[in-house]
1. May I ask you to list the residues in the range 53-70 that are buried (at least 16 other Cβ atoms within 10 Å of the Cβ), aliphatic (A, V, I, L, M) and in a strand (DSSP E or B)?
2. Would you kindly identify the strands (runs of 3 or more DSSP E) lying entirely within the range 113-198 that contain at least 2 residues that are open to solvent by less than 40 Å² (accessible area, probe 1.4 Å)?
3. Can you tell me which residues in the range 16-46 are out of contact with any His (no Cβ under 7 Å at 6 or more places or on another chain), more than 16 Å from Asn58 (Cβ to Cβ) and exposed (fewer than 12 other Cβ atoms within 10 Å of the Cβ)?
4. Considering (1) without any contact (Cβ under 8 Å) to a residue 40 or more places away in the chain; (2) part of a loop (DSSP other than H, G, I, E, B), say which one Met41 fails and leave the rest.
5. Of everything in the range 1-30, what is of a type outside the set (S, T, N, Q), farther than 22 Å from Ser183 by Cα and in a strand (DSSP E or B)? Give them in sequence order.
Amino acid sequence: ETAYTPSAAGNQNKMNVVGAYNMSLVGFEHNPKTMYLSADMPFQLLGMVHGVGAQLVNDDIGVFSHKKFSVMYAPQIKLLGGVLGIGIQPVMLSENLKGSELEFNDAGDMVLPTSDVTGTAFDLNAGLYYQHDWWYVGASVQHLLAPRVEIGETNELDIDPAYYFTSGCNIRLNNPFLSIQPSVMGRTDGVGYRADITTRLTYNY
């Protein structure tokens, strides 16, 4: 959940450590590869629960490499029988273009670099996450600052904000060992959108 909203940091009474690695189009040159590492945990201070975490993402697509390192902070506020997390996530972005691996039809084209170039920018994510006994709902925005990353001297990358909405619940059945957990997540950048609906049956003995 913290991949999409920092307000979910510390929403469980334990430390969460998540790692994932994904490869697409295996066997093709410059195939997409993504690495994701995240950790979050709650702690108590001044009679209040606070969630903290850190996140590292490395996304390689063709000759582009997108890196993101961020920290998360989300105080947990008791509200209407549930808990409201208010999250903020400062982000350091790093964009790399492997110009040394480009193949040119026109060797005299000066627009694209012939060596590897890198650019960095500061960004910010924020969100809300409300969790009750058997249901939750969350909303967040990533790339709140809509940063422009200057890659070398001649290239720029504009990053648009993206908006996320997520909700789910835990439906207990007559069998005390079984429960159904449906969830939905929608995302949009103001131009296109995507929605994912998931349901899983959990057996807990």
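1. Hit for the range 53-70 is Val57, nothing else.
2. 116-131, 135-142, 148-151, 162-169, 178-188
3. Correct list: Val17, Leu25, Val26, Gly27, Phe28, Glu29, Gln44, Leu45, Leu46.
4. So the condition that Met41 fails would be (2).
5. Tyr21, Met23 - these are the residues of the range 1-30 that are of a type outside the set (S, T, N, Q), farther than 22 Å from Ser183 by Cα and in a strand (DSSP E or B).
The values are calculated or read from the model by the stated rules, or taken from the named source; none is laboratory data. What you are looking at is a predicted structure, and each value in this text was computed from that prediction instead of being measured. Positions of Cβ are backbone-derived with ideal geometry, glycine not excepted, and every protein chain shown enters the neighbour counts. Just so you know, the surface numbers come from the protein's heavy atoms only, side chains and all, with ligands and any DNA or RNA stripped out. Shrake-Rupley method; radii C 1.70, N 1.55, O 1.52, S 1.80 Å.
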